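These notes are about the structure you will find just below.
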Amino acid sequence: MPCANNPNLMKTLTQMAVDVLTTADGRAKAALSRSYAAQWQAARANGEDVVIGNVAPPDQPARPATPALLDPRDVPSRKPGSEEGRIAILHAVAHIELNAVDLHWDIIARFADTPMPIGFYDDWVKSADEESKHFNLMCDCLETRGSHYGALDAHAGMWQSAEITAHDLLGRLAVVPMVLEARGLDVTPNMVKVFQNAKDKGAVEALEVIYAEEVHHVSYGSKWFNFLCGRHDLDPKVVFHELVGRYFHGSLRPPFNEEKRAEAGIPPDFYWPLVAENKQK
C-alpha cells in the first residue's frame, strides 16, 4: 500500500526489497537498490510516514546468467601476484558485494513479521546502499582491466547461509554479518597490499572504501543481535556460539582483525572459542 503523505515513496519497504531481489542484472539491481535507499533515507530525513509492509521475498534472488555458481571447493584458485590473479580477486569481491545487496534487502523482507525498531530498517537500507556502491566499484575496476562481472565462475556459499537461517533472525544476524562479513575485515587488508604492490591505485582506493564501510555492516549485525538477546533475556555469547555451531559449517579461522572486530562490537571471546583447536578442548 502507498505510504501516507509521501507521494514520492509509493511502495512499502518490503515491496522495494522484493523488487531488488527479483532484479537479475547486477548493475540494474545495484541501481534500483540505490534508488530505493535514497527514497527511504529522504523520507526518513523529512519525517515522512513510512510503511514497512509484509511482502514475502523469494526463496532465492534473481541472478544474471553468468557467473556460473559452483561449490566453493570447485572455484579455481589463481595466484594473486599475476594480473589474472588480481582480476580474480576483484571478481570474487564483486560477487560477495552483489550477494550482500540481496542479503541486506532479504533481512528486511524476510523478517518483517518480527517487530523491530525503525532503526533496524534504517541500518540495513544503508548497508544495502553501500553494498550496491561497492559492487559498482568492483565492476568499474574489472571493466577498466578488460573484464567484467560474470567473466569468471563464482560460488553460491553466501546465499546458502541465508537459506538455512531463513526462519531465524538471530541465526541470520550471527552467521551473515557477525561471521561472514566479519571475515571480510580479516582478509581485506591483505587484498589491499596485493594491489599496493602492483601499484594499482584505483583498486586500492576502491577496496579501502569497502573496508571502511564494512565495519559498520558488521556492527549493525552485532547491535541487533545483542538487542534481540536482551529482549529475550538471553546471554549473547552463549547464543552466538550455539547458533554459529548450528548454522555455520566449519570452524572460524585466524588470523582475526581484532581491532576492527572490536570496533564492530564483537569481543574476542565470541570468536576465539570457535576456532577448531579451541572447540576440541
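The values are calculated or read from the model by the stated rules, or taken from the named source; none is laboratory data. Here the structure is a predicted model, which is why all the values come from computation and not from measurement. Quick reminder, even Gly has a Cβ in these numbers, built from the backbone with ideal geometry, and neighbours come from all protein chains shown.
This table checks each residue for (1) part of a loop (DSSP other than H, G, I, E, B); (2) over 18 Å from HIS104 (Cα atoms); (3) in contact with a Pro (Cβ under 6 Å, 6 or more places away or on another chain); (4) not basic (Lys, Arg).
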{"position": "ASP19", "(1), (2), (3), (4)": "no, no, no, yes"}
{"position": "ALA24", "(1), (2), (3), (4)": "yes, no, yes, yes"}
{"position": "GLN39", "(1), (2), (3), (4)": "no, no, no, yes"}
{"position": "ARG44", "(1), (2), (3), (4)": "no, yes, no, no"}
{"position": "GLU48", "(1), (2), (3), (4)": "yes, yes, no, yes"}
{"position": "GLY53", "(1), (2), (3), (4)": "yes, no, no, yes"}
{"position": "ALA56", "(1), (2), (3), (4)": "yes, no, no, yes"}
{"position": "THR66", "(1), (2), (3), (4)": "yes, yes, no, yes"}
{"position": "SER77", "(1), (2), (3), (4)": "yes, yes, no, yes"}
Exercise. Say we look at region 138-176 and pick out the residues that are under 11 Å from HIS91 (Cα atoms) and among the aliphatic types (A, V, I, L, M); which of these is surrounded by the fewest Cβ atoms within 10 Å (Cβ to Cβ)?
Worked result: ALA151
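Among the listed residues VAL187, VAL192, which satisfies the condition of being surrounded by fewer than 16 Cβ atoms within 10 Å (Cβ to Cβ) and without any contact (Cβ under 8 Å) to a residue 40 or more places away in the chain?
Only one candidate passes the filter, namely VAL187.
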Seminar exercise, completed: Only unsatisfied item for VAL179, checking (1) surrounded by fewer than 17 Cβ atoms within 10 Å (Cβ to Cβ); (2) in contact with a strand residue (DSSP E or B) (Cβ under 8 Å, 6 or more places away or on another chain), is (1)
Exercise. Given (1) over 18 Å from the mean Cα position of the chain (by Cα); (2) hydroxyl-bearing (Ser, Thr, Tyr); (3) crowded, with 22+ Cβ neighbours inside 10 Å, where does TYR220 come up short, assuming only one miss?
Worked result: (1)
Exercise. What helices (runs of 4 or more DSSP H) lie completely within region 199-281 and have 1 or more residues being of a type in the set (Ser, Thr, Tyr), closer than 24 Å to VAL93 by Cβ and free of Cβ contacts under 8 Å to residues at least 24 places away in the same chain?
Worked result: none
For this session: Among the residues of region 191-248, count how many are under 30 Å from ILE164 (Cβ atoms) and β-branched (Val, Ile, Thr).
Result: 6
For this session: Test each condition in (1) at pLDDT below 95; (2) hydrophobic (A, V, I, L, M, F, W, C); (3) more than 21 Å from SER161 (Cα to Cα) for ILE52 and report the one that comes out false.
Result: (1)
Seminar exercise, completed: In region 146-196, anything in a strand (DSSP E or B) and of a type outside the set (A, V, I, L, M, F, W, C) is listed as HIS155
Seminar exercise, completed: Within region 43-64, the residues that are more than 21 Å from the chain's Cα centre (by Cα) and surrounded by fewer than 14 Cβ atoms within 10 Å (Cβ to Cβ) are ALA45, ASN46, GLY47, ASP49, ASN54
For this session: Could you grab the pairs with beta carbons closer than 9 Å, sequence gap of 6+ or different chains, first residue in region 69-86 and within 12 Å of LEU152 (Cα to Cα), second one modelled with pLDDT under 85 and polar (S, T, N, Q)?
Result: GLY85/SER77
